[in-house]
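Novice: There's a structure below that I have some questions on.
Taken together, the values in this text are just the output of simple stated rules run on the coordinates, not laboratory data. What you see is a predicted model; the values in this text were computed from it and never measured. Cβ atoms come from the backbone with ideal geometry, glycine included; neighbour counts cover every protein chain shown.
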Amino acid sequence: MAVVNPNPAQPSKPEAIAPVLKTVSSSEGVCPVCHQPVSPEAYFCPNCGHPLKSKPPEIFERLIVYAVSILLPPFGLGYAWKYLKAGDKASRAIGIMAIVLTTISIIGSIFAWQFWIQPLITNYANQQNQQLNQQLNQFGL
Ligand SMILES: [Zn+2]
């Protein structure tokens, strides 16, 4: 009797994509110092402690990226590009977050302009017009 695939619609495994995202490293799989096998996910060799790849960004670094994304939207996209290229999951998550925050910030700026800054300018202009017209009327012009 034939074995039926219980999940025929399932696409190729995520492992098939993962190697593309990994940073290229000659030390992959084996520690360059002690030559013990290491997991590709490891940041440090579990045997000798040798650093195998750069650590994921610290919280402080994330906060800076998020703050820049919100306050200076164009620069947030620069960070997003850098972190999306980094490869590891944590960095990619930060890159995506930077894009989301930049988008929110730009949309927020447009709303702020329409509903807050522009009405202020309009009010100011109207006040100035009124004052000038009153002064002109006082001089009978
Ligand atoms: Zn080692």
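Novice: Mind checking which pairs have a first residue in the range 62-79 that is without any contact (Cβ under 8 Å) to a residue 24 or more places away in the chain and under 10 Å from MET97 (Cβ atoms) and a second that is outside any loop (DSSP other than H, G, I, E, B) and hydrophobic (A, V, I, L, M, F, W, C), Cβ under 9 Å, 6 or more apart or different chains?
Specialist: TYR79/ILE64; TYR79/VAL65; TYR79/VAL68; TYR79/ILE94; TYR79/ALA98
Novice: Sticking with this structure for a sec: Kindly establish whether LEU77 is surrounded by 13 or more Cβ atoms within 10 Å (Cβ to Cβ) and either out of contact with any Leu (no Cβ under 9 Å at 6 or more places or on another chain) or under 22 Å from SER54 (Cα atoms) (or both).
Specialist: The answer is yes for LEU77.
Novice: Give the range 68-111 a look and list any residue that's more than 12 Å from the chain's Cα centre (by Cα) and among the basic types (Lys, Arg), or say none.
Specialist: LYS89
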